[in-house]
Amino acid sequence: MIVLRFPYAQVVGPVVGITALIPMIGAYLGAALGFLLIITVDWLQAILFLVFIVVLQQIEGNLIYPKVVGDSIGLPGIWVFAAVTVGEGLMGITGILFGVPLITTVYKLLRKSVNERLS
């Protein structure tokens, strides 16, 4: 935000970062607060800020998160993404929390079974 010269970057950045800890809607709640602050200075920068947040969230949610979580638990990124998506669709926030561990367990059991059959 500082590089893009958004006003109140030192305030809005941490607010978005802290609210991003709330699953699914947190970053957008922080973005709404940031939007309200920035629109008092310049409406065009406020719109650009919203675009920036949406792009940032898409990159983080679709590229960074599956790669980081997948590497730490030994699950390919596509399976992490699928577990979060399907879990959320079936059981909401509970599905998000339990989807990745469940899919990881199933994946590891299937991988062990396939490796035993191959050898």
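Quick note: the coordinates plus some simple rules give every number you see, no bench work behind them. Computed from a predicted model, the values in this text were never measured in an experiment. Positions of Cβ are generated from backbone atoms using ideal geometry, with glycine treated the same way; all protein chains shown enter the neighbour counts.
Using 0.36 nm per residue and subtracting the Cα-Cα separation, the extra length available between L29 and V54 on full extension is 7.8 nm. Suppose a student asked you for the relative contact order of the chain, using Cα pairs under 8 Å spaced at least 6 residues apart; what percent would you report? Here the relative contact order equals 13 percent. From helices alone, the chain scores -26500 deg cm²/dmol at 222 nm; the rule is -39500 (n - 2.57) for each run of n ≥ 4 DSSP H residues, then divide by the residue total. Which entry in [x] 124; [y] 142; [z] 108 matches volume of the Cα convex hull per residue in Å³ derived from the coordinates of this structure? Derived directly from the coordinates: [z].
Using the alpha-carbon atoms, what tilt in degrees (0 to 90, nearest 10) does helix 77-118 show relative to the longest principal axis of the chain? Once rounded, one gets 30 degrees.
Separation of segment 73-93 and segment 1-56, taken as the distance between their Cα centroids, equals 27 angstrom. Considering only L109, V16, W79, the residue lying farthest towards the positive end of the dipole of the chain is L109, judged by Cα position with unit charges set on Cβ. Averaged over residues, the count of other Cβ atoms within 10 Å places the peptides 92-102, 29-39, 1-11, 109-119 in the sequence 29-39, 92-102, 1-11, 109-119, highest first. If you line up the long axis of helix 26-39 against the longest principal axis of the chain, both from Cα atoms, how many degrees apart are they, to the nearest 10? Long axis of 26-39 versus the principal axis of the chain: about 10 degrees.
Between the helical axis of 9-19 and the longest alpha-carbon principal axis of the chain there is an angle of about 30 degrees.
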